[in-house]
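The values are calculated or read from the model by the stated rules, or taken from the named source; none is laboratory data. Everything quoted here is computed from the prediction, not taken from an experiment. Here the Cβ positions follow ideal geometry from the backbone for every residue, glycine too, while neighbour counts run over all protein chains shown.
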Amino acid sequence: MSSGFITLPADDWLRLIERVQKTGLKAKPEVGIQFGAGGATRAEELEAVGTRDPEWPIQLARRFLDTGAYMVMIESEGITENVKTWRTEVPAKIIDALGLERVVFEAADPEVFAWYIQNYGPEVNLFVDSSQNGCSRITAI
């Protein structure tokens, strides 16, 4: 469930999470600082749109978790994907606010995967989609 593509009021997202949970599935909504992002979107296009303050996805993630979401996925666009310079302060703020246990960071690129492991250790939760960016193998150093 990605809040980066569909504009819905937070209360509607909360109702969706509740419905997912009632079916016996585990809701894992996605939040991020970049709206309208997708793997094929160029950095220049996203830069023109701008990013949200990291406090926005943190507050939304808290509400999702309080409503019963299993975990919250953090979208990489605007942080480590489709940016000229990585925004490493954003994961730091998210981890400080929410902890590592119930947050999953998108990390499709080998360099991003390695950075998270090196900075947050083997307990960090990472989502790796090997179909993105031609990744066929990811190795942590």
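Of note:
- Taken over segment 91-109, the residue count meeting the criterion of being basic (Lys, Arg) and not in a helix (DSSP H, G or I) is 1.
- Residue selected from segment 62-88 under the condition part of a strand (DSSP E or B) and modelled with pLDDT under 90, by the criterion surrounded by the fewest Cβ atoms within 10 Å (Cβ to Cβ): 77
- Residue 59, sole failed condition from (1) polar (S, T, N, Q); (2) crowded, with 19+ Cβ neighbours inside 10 Å; (3) out of contact with any helix residue (DSSP H, G or I) (no Cβ under 8 Å at 6 or more places or on another chain): (2)
- When segment 22-59 is limited to residues that are at pLDDT 90 or above and more than 18 Å from the chain's Cα centre (by Cα), the one that is nearest to residue 72 (Cα to Cα) turns out to be 25.
- Enumeration of residues in segment 7-25 that are loosely packed, with under 11 Cβ neighbours inside 10 Å and part of a loop (DSSP other than H, G, I, E, B): 7, 9, 23, 24, 25
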